[in-house]
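Here the structure is laid out as structure tokens; the discussion comes afterwards.
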Amino acid sequence: MAGRTRELLAKPTLSCGHIIWTLSAMLAIQIASGCPTACTCYPKIKVVECRGRGLRDIPRQLQLNTLELYLEHNRIRILGSTAFRETPLLRVLNLANNSITTISTNTFQGLRGLLVLNLANNSIQDIDRHLFRPIRSLSDLNLSHNSISRLPATLPDSMHNLTRLSLRHNRLQKLHWMLLESLTKLQILSLHGNPWKCDCQLISLKLWLETFLFKGGIMDEIRCAQPGDLREEDLRNIPYKLFGSCLNISQRHPLAHLHHQATEHESPYSSGNRGGDSGCGAKQRARPPNLRHAIATVAITGVVCGLVCLMMLGAAVYGCTYAAVTARYQRDLRQAERVAPSSRQSSGEGKELRRDSTLSAAHAHACSASM
């Protein structure tokens, strides 16, 4: 009786355990292969789309193998340190057109394969100096239409593969050229729509931009907001003579020597003229040569030198050909002179032989007649 009771009690226990295990397995399968209710998932191409769903936070229960995540046009305000822990394989992350104001330092921790990051049209004011450090492979960064007033000096430390950078419509008034110089693979740069202050601190950036364009880089216009007399002027088109008082500051730039050559090699006639007109006003600085003019001068000089070298090469070829033809003519002439005497001698010997044979024939005929 006691054994029967134990058997009856054991059956419900086994059934409950089996049910619990089954439910746990089903839940795990749903979590592993499921999709957030506010998103649309495409498992075959590993893309999750959550555009315009009114989301206030990063959705959970995302698949671990997600490669592209689109979260634009939502209401996300804060990106916490664990926002993307469930998607370590992300390649494309689009967070444009949200209300992001705060980004944790560790938000992108673990996203070592991220290639494209779009944070445009948000309310970002400051960029932490360690924010992008975990992202070593980033090639496209869009920070346009925010309220960023400065970029951290450590930004290039993790941006060695960056080819495209957009900083349009922020609050940048200045930008150090060395920060951009460290982005060795940069190809496209967008800086339009910032309140640029075109003073002495921006002349080094102007020099770098001209070098960037000369190397084949692509960029948009940079309109000055200050000072008033340069308002709406494109920094790239402002003549260097307007930065005459900034030449000493720009000496730190590796190309600054191009803008000092005019003052170092001034004409003595111009010096005399300025000395005679010293009472007529302030001395006018010599206009520093433009980088493009300098490059054009070098190119023209190279072309002229090339033409001279071609002419010298042509003259050398002509001289060598003339010398070879003359030498051959002289050699043929000497051979002809050596052949001429021998031919004359052989012809003389032939005549003597013919004459002797004639005499012998005549003598033989006379002898036969006498007999």
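For the reader, a short list of remarks on this structure follows.
- Here N98, N94, N74 are screened, and the one residue that is touching a Phe, Trp or Tyr at 6+ places or on another chain (Cβ under 6 Å), within 26 Å of D140 (Cβ to Cβ) and at pLDDT 95 or above is N94.
- L162 vs. criteria within 15 Å of the chain's Cα centre (by Cα) and assigned to a loop (DSSP other than H, G, I, E, B): yes
- Residue in region 200-220 that is in a loop (DSSP other than H, G, I, E, B) and within 17 Å of I127 (Cβ to Cβ) present: no
- Residue within region 253-260 that is modelled with pLDDT under 85, within 30 Å of W196 (Cα to Cα), hydrophobic (A, V, I, L, M, F, W, C) and in a loop (DSSP other than H, G, I, E, B) present: yes
- The single condition from (1) out of contact with any Lys or Arg (no Cβ under 9 Å at 6 or more places or on another chain); (2) farther than 22 Å from T154 by Cα that K185 fails is (2).
- Selection within region 56-108 - in contact with a Gly (Cβ under 9 Å, 6 or more places away or on another chain) and basic (K, R): R75, R85, R91
- Within region 85-95, being touching a strand residue (DSSP E or B) at 6+ places or on another chain (Cβ under 9 Å), part of a loop (DSSP other than H, G, I, E, B) and of a type in the set (A, V, I, L, M) holds for L90, L95.
- Applying the criterion of being within 8 Å of N122 (Cβ to Cβ) and touching a strand residue (DSSP E or B) at 6+ places or on another chain (Cβ under 8 Å) to the residues of region 96-105, the residue that is surrounded by the fewest Cβ atoms within 10 Å (Cβ to Cβ) is T101.
- Candidates F132, F108, filtered to the one that is under 24 Å from N161 (Cα atoms), crowded, with 21+ Cβ neighbours inside 10 Å, free of Cβ contacts under 8 Å to residues at least 60 places away in the same chain and touching a Ser or Thr at 6+ places or on another chain (Cβ under 6 Å): F132
- The single condition among (1) closer than 23 Å to L114 by Cβ; (2) buried (at least 20 other Cβ atoms within 10 Å of the Cβ); (3) out of contact with any strand residue (DSSP E or B) (no Cβ under 6 Å at 6 or more places or on another chain) that S144 does not meet is (3).
- Tabulated pairs, region 40-55, first without any contact (Cβ under 8 Å) to a residue 60 or more places away in the chain, second of a type in the set (G, A, S), C-beta under 7 angstrom, 6+ apart or interchain: C50/A38; R53/A38; L55/A38
- For region 177-194, a residue qualifies if it is over 13 Å from L141 (Cα atoms) and small (G, A, S), and the qualifying residues are S182, G193.
- Just so you know, in region 132-152 the residues that are not in a loop (DSSP other than H, G, I, E, B) and not acidic (D, E) include one that is farthest from the chain's Cα centre (by Cα), and it is N142.
The values are calculated or read from the model by the stated rules, or taken from the named source; none is laboratory data. It should be emphasised that the depicted structure is a prediction, and the values quoted were computed from it without experimental measurement. Methodologically, a virtual Cβ is constructed for each residue, glycine included, from the backbone with ideal geometry; neighbour enumeration extends over all protein chains shown.
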